[in-house]
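Engineer: After the structure tokens below, expect a handful of questions from me.
The values are calculated or read from the model by the stated rules, or taken from the named source; none is laboratory data. This structure is a prediction, so every number in the text was calculated from the model and none was measured. Please note: Cβ atoms are built from the backbone with ideal geometry, for glycine as well, and neighbour counts cover all protein chains shown.
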Amino acid sequence: MVRKALLKDVIDIYTLVNSYSKDGILLPRSLNSIYEHIRDFWVYEKDGRVVGCCALHIVWEDLAEIKSLAVDREQKGMGIGSALVNACIEEARSLGIKRVFVLTYATEFFEKFGFSIIDKSSLPHKVWGECINCVKFPSCDEVAMSLEVSVPYGSKV
């Protein structure tokens with residue numbers, strides 16, 4: 001079941017994300033960062049246990065980033081990541097966000113949702129506020145991808 005994250009999920013999110021950061025696949029997140037951004041997160045709960053997480057971080061009035069997508073390694077290939085990304089896209093759509101981007105190594109996965117590769121330099125400077133603190137900066141090897149999100153019919157955006 002996909003649902004918005006609760007404070008009780010912080011340790012599970014921290015564990016999932018940081019299990020991939022050790023491999024250089026995801027950037028590490030501190031407990032403090034997860035607490036501060038808990039409203040950005042979605043989790044996938046299975047049998048009472050959080051087995052996946054993903055965040056939709058609003059960057060600007062018409063731009064958001066999908067980040068910290070992590071699925072328990074034993075649960076991979078079961079559609080959990082897809083369900084989480086779909087939840088983020090739907091949330092972006094409901095908020096009237098026009099474009100969602102990711103910085104990723106999993107380009108084929110995100111292409112399935114309609115994301116396409118873009119030049120990182122096309123992202124606004126506001127995005128780089130976080131990147132400047134990254135261990136990979138300025139030699140980031142992640143691929144930037146973007147998705148134009150259609151706004152629901154009848155929305156006033």
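Engineer: Any residue in segment 137-156 that is of a type outside the set (Asp, Glu) sitting within a Cβ distance under 9 Å of a residue that is modelled with pLDDT under 55? List the pairs, counting only those 6 or more apart or interchain.
Structural biologist: Pairs found: 151/157.
Engineer: Which numbered condition in (1) part of a strand (DSSP E or B); (2) within 11 Å of the chain's Cα centre (by Cα) is the only one that residue 52 fails?
Structural biologist: Every condition holds for residue 52 apart from (2).
Engineer: When you scan segment 41-60, how many residues do you find that are under 20 Å from residue 96 (Cα atoms) and either in contact with a Phe, Trp or Tyr (Cβ under 9 Å, 6 or more places away or on another chain) or touching a residue at least 24 places away in the same chain (Cβ under 8 Å) (or both)? Don't jump to the end; show me each part of the working.
Structural biologist: The first filter runs over segment 41-60 and keeps only residues under 20 Å from residue 96 (Cα atoms), leaving 41-42, 54-60.
This time we only want the ones that are either in contact with a Phe, Trp or Tyr (Cβ under 9 Å, 6 or more places away or on another chain) or touching a residue at least 24 places away in the same chain (Cβ under 8 Å) (or both), so: 41-42, 54-56, 58-60.
Result for segment 41-60: 8.
Engineer: If you check residue 136 against the conditions, is it modelled with pLDDT under 95, assigned to a helix (DSSP H, G or I), among the basic types (Lys, Arg) and surrounded by fewer than 16 Cβ atoms within 10 Å (Cβ to Cβ)?
Structural biologist: Numbers: modelled with pLDDT under 95: yes; assigned to a helix (DSSP H, G or I): no; among the basic types (Lys, Arg): yes; surrounded by fewer than 16 Cβ atoms within 10 Å (Cβ to Cβ): yes.
Considered against the rule, which asks whether it is modelled with pLDDT under 95, assigned to a helix (DSSP H, G or I), among the basic types (Lys, Arg) and surrounded by fewer than 16 Cβ atoms within 10 Å (Cβ to Cβ), residue 136 comes out as no.
Engineer: Restricting to segment 16-46, what's the tally of residues that are within 16 Å of residue 5 (Cα to Cα) and either modelled with pLDDT of 95 or more or in a helix (DSSP H, G or I) (or both)?
Structural biologist: Total meeting the criteria: 18.
Engineer: A further question follows. Given the structure, is residue 68 under 24 Å from residue 148 (Cβ atoms) and in contact with a Lys or Arg (Cβ under 7 Å, 6 or more places away or on another chain)?
Structural biologist: yes
Engineer: Among residues belonging to segment 53-64 that are surrounded by fewer than 22 Cβ atoms within 10 Å (Cβ to Cβ) and of a type outside the set (A, V, I, L, M), point out the one that is nearest to residue 9 (Cα to Cα).
Structural biologist: 57
Engineer: Of everything in segment 94-125, what is within 17 Å of residue 83 (Cα to Cα), surrounded by fewer than 16 Cβ atoms within 10 Å (Cβ to Cβ) and touching a residue at least 40 places away in the same chain (Cβ under 8 Å)? Give them in sequence order.
Structural biologist: Passing the criteria: only 94.
Engineer: Could I ask something else about it? Mind listing just one residue for me: the one in segment 12-39 that is without any contact (Cβ under 8 Å) to a residue 24 or more places away in the chain and charged (D, E, K, R) and, of those, farthest from residue 105 (Cα to Cα)? I'd like the intermediate steps shown before the answer.
Structural biologist: Within segment 12-39, the subset without any contact (Cβ under 8 Å) to a residue 24 or more places away in the chain is 14-15, 18, 21-24, 28, 30-33, 36-37.
Add one more test, that the residue is charged (D, E, K, R), and what stays is 22-23, 36.
Details: 22: 15, 23: 12, 36: 26 Å.
Among those residues, the one meeting the criterion is 36.
Engineer: Of all residues in segment 78-117, count the ones that are touching a helix residue (DSSP H, G or I) at 6+ places or on another chain (Cβ under 8 Å), in a helix (DSSP H, G or I) and within 10 Å of residue 149 (Cβ to Cβ).
Structural biologist: Within segment 78-117, residues that are touching a helix residue (DSSP H, G or I) at 6+ places or on another chain (Cβ under 8 Å), in a helix (DSSP H, G or I) and within 10 Å of residue 149 (Cβ to Cβ) number 0.
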